Amino acid sequence: MASRYDIDLNELNALSPELRLAWFWLLMNAQAYESAVGNDRYHFLSYDNLCESPSIVANALVKKLGLDFDAQTSDFLAHSRTDSRSYYSVQQNSKHASTKWETTLESRVIDAILKITEPFLRLVEGE
């Protein structure tokens, strides 16, 4: 898989931890996508979309599974977007959590991560 993306193990090992993680993310997600696309049981779910609009994305997923999106589920999702003090809590501002990396990394690192991941993100954008 890495050879398809024109990178080898020596190059990966020479990168910063952030860029190695970006490559790892790309390689794992590309493999999963290629294995699943075309399967009628496959459902693409964007983490960013889920964090931005959890009720809408969860409702679509629940319907695809043939289940009902009931008031209890809706209430849980609404309540879970309230920040908790606990690091491991399911209660977090999901939009903030999904974009936190954009405010904690240097702009040159962000640009490098986007350069690595953009081709794959463009591929799955239409899902």
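Just how large is the dipole of the chain about the Cα centre, in debye to the nearest 20, putting +1 at every Lys and Arg Cβ and -1 at every Asp and Glu Cβ?
Computed about the Cα centre, the dipole is about 200 debye.
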Nearest 10, in degrees from 0 to 90: the angle of helix 107-124 to the longest Cα principal axis of the chain is 70 degrees
Between the modelled labels at His79 and Ala60 (7 Å from Cα along Cα→Cβ) the distance in nm is 2.7 nm
Helix 71-80 sits off the longest principal axis of the Cα atoms of the chain, rounded to the nearest 10 on a 0 to 90 degree scale, by 50 degrees
Between the modelled labels at Asp48 and Glu125 (7 Å from Cα along Cα→Cβ) the distance in nm is 0.9 nm
Read-out Rg and Dmax of the Cα atoms in Å, candidates (1) 17.4, 52; (2) 15.5, 49; (3) 13.6, 39; calculated match is (1)
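Any read-out appearing in this document is the output of simple, stated calculations on the displayed coordinates, not a laboratory observation. If you're wondering where the values come from, they're calculated on a predicted model, not measured in any experiment. Because the Cβ atoms are built from the backbone with ideal geometry, glycine has one as well, and the counts that use them run over all protein chains shown.
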